[in-house]
Structures are given as structure tokens and as C-alpha cells.
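Undergrad: Below you will find the structure I want to go over with you.
The values are calculated or read from the model by the stated rules, or taken from the named source; none is laboratory data. This one's a predicted model, so the numbers in the text were calculated from it and none came from an experiment. Here the Cβ positions follow ideal geometry from the backbone for every residue, glycine too, while neighbour counts run over all protein chains shown.
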Amino acid sequence: MPSNGVYIYVTDLSKDLDDVCVDEDGKPTMEGKTSKESIRSWINSILARVSTKTDLQHKFKPSIVIAGTKIDKITKDRAKVIEERKKAIYHLLTKETEGAAKYLLTEDTKVYAISNKPVEEVKGINEIEELKEMLLKLAQNKTYKVPDKWVTLELTIKRDTLKKDQLKMNLNEVYRVGKDIGLSEKDVDEALAFFHRT
């Protein structure tokens, strides 16, 4: 899980947060968790990964996106129900999930109500195009600069492991590769930690 990643949680907006997560056949999924429990678990796994001292040092900040699907299945008071469920999810993220508001949420964090069905009555509510634009914007902003030697180190490790038909390289070999391109062991450790996070 990269610390600077875009994390997208997809949930069924036609269901309440206290409903058990189910698959297309109506069978319980997520070990019988409710949507609320599932979102909390997801947020906590992101928090566990990105709230380290090193991540804060590099100012990495993940982006959280919630895509609420199946809005076309809501037939009664659709706009009102969607708005209530979006507010409930946002409340869960900002008030009920410890650490999420402090470390993960930004002014861009939003719950998007989407449908893949071309149903006329959801046209004014469907936020699929807005979601696409936001994801494109986030992807464009998630760039970072790394020293050229770090990139050379990464590519050399990949090349050398492929030549040997291996999936890994021991640390002493990595240090040797680093030394060959002018990196100290400390520089190599920093590069490896960075690439592991991203």
C-alpha cells in the first residue's frame, strides 16, 4: 500500500451502512461485516500503513475516494436517500473513525454517487464524470521527484534479477550495485525504503 496512493472504496449506496455487505447473489461477503465495519477496517489498514514517521517526513498523503454505486436501484426518494447515505459515510470518516480526519482526509475527500446504468432518472444525480475528473486530477498530482541514481539503482536491480531469472537480490548485492553507481549503503537504504513505500 503506497503512502502517496489513491485509495478507492466502492460501496453499494442502495444499502444502509448498517446492512451486511453482500455479493450480486445476495450472499454475505466481507466475513459478514456491515458496510460501516468494512469502511472502518479499510481506513484502519490505510492508517496503519501511512502514519509512520518516515511517511510524515516525506509529506506523503494518501487520497481517499468513496464511490457509492447502484444508485439506480434506489427507487423511492432517490436524491434524498443518496444525500443521507453520503452524509452518513462522510460522518463515519470524519467523526467515528479514529485518525481518519487527522491523517487521511482532505478538502477533496468526497463520496461520489455513481451508476453504470444509463437510467434517465439518475442523470442529474450520477457523479461518474466528476469521479473520473477527480481521479485524473489526483493521478496528475501524485508525482514526486527522486534522485537519478535511485532510478538507476531500481532499474539495475530489475535488470540483474531478470538476467539471473530470480525474483530477489540479497542486500549485499544491492549494496554492491549501489556502490557501483556512487551510492553509499545509507543512500541505498533510503532508496529501498522509498521504493517500498511507493
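Undergrad: Are any of the residues in region 140-149 under 25 Å from Thr109 (Cα atoms) and assigned to a helix (DSSP H, G or I)?
TA: yes
Undergrad: Taking region 105-136 as the region of interest, how many residues are under 16 Å from the mean Cα position of the chain (by Cα), surrounded by 15 or more Cβ atoms within 10 Å (Cβ to Cβ) and assigned to a loop (DSSP other than H, G, I, E, B)?
TA: Of the residues in that region, 2 qualify.
Conditions (1) under 13 Å from Leu13 (Cβ atoms); (2) modelled with pLDDT of 75 or more; (3) assigned by TED's automatic domain parsing to the domain that holds Arg85, marked per residue:
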| residue | (1), (2), (3) |
| --- | --- |
| Thr106 | no, no, yes |
| Thr109 | no, yes, yes |
| Tyr112 | yes, yes, yes |
| Ser115 | yes, yes, yes |
| Glu120 | no, no, yes |
| Lys123 | no, no, yes |
| Ile128 | yes, yes, yes |
| Lys132 | no, yes, yes |
| Leu136 | no, yes, yes |
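Undergrad: So Gln57 clears everything in (1) modelled with pLDDT of 90 or more; (2) closer than 30 Å to Val188 by Cα; (3) not hydroxyl-bearing (Ser, Thr, Tyr) except one condition, right? Which one?
TA: (1)
Undergrad: Give the residues of region 95-104 that are in a helix (DSSP H, G or I) and farther than 15 Å from Val65 by Cβ, sorted by residue number.
TA: Correct list: Lys95, Glu96, Ala101, Lys102, Tyr103.
Undergrad: Has region 165-185 got any residue that is in contact (Cβ under 8 Å) with a residue 24 or more places away in the chain, in a helix (DSSP H, G or I) and in the same structural domain as Gly68 (by TED's automatic domain parsing)?
TA: No, the conditions are met nowhere in region 165-185.
Undergrad: Right, something else. I need the full set of residues from region 137-181 which are aliphatic (A, V, I, L, M), more than 28 Å from Lys61 (Cβ to Cβ) and surrounded by 13 or more Cβ atoms within 10 Å (Cβ to Cβ), in order please.
TA: Met169, Val174, Val177, Ile181
Undergrad: Identify, please: which residue in region 62-82 is of a type in the set (Gly, Ala, Ser) and closer than 29 Å to Asn44 by Cα and is, among those, nearest to the chain's Cα centre (by Cα)?
TA: Top of the filtered list is Ser63.
Undergrad: Here's a follow-up. Return the residue satisfying two criteria in turn: it lies in region 9-45 and is over 22 Å from the mean Cα position of the chain (by Cα) and among the basic types (Lys, Arg), and of such residues it is surrounded by the fewest Cβ atoms within 10 Å (Cβ to Cβ).
TA: Among those residues, the one meeting the criterion is Lys27.
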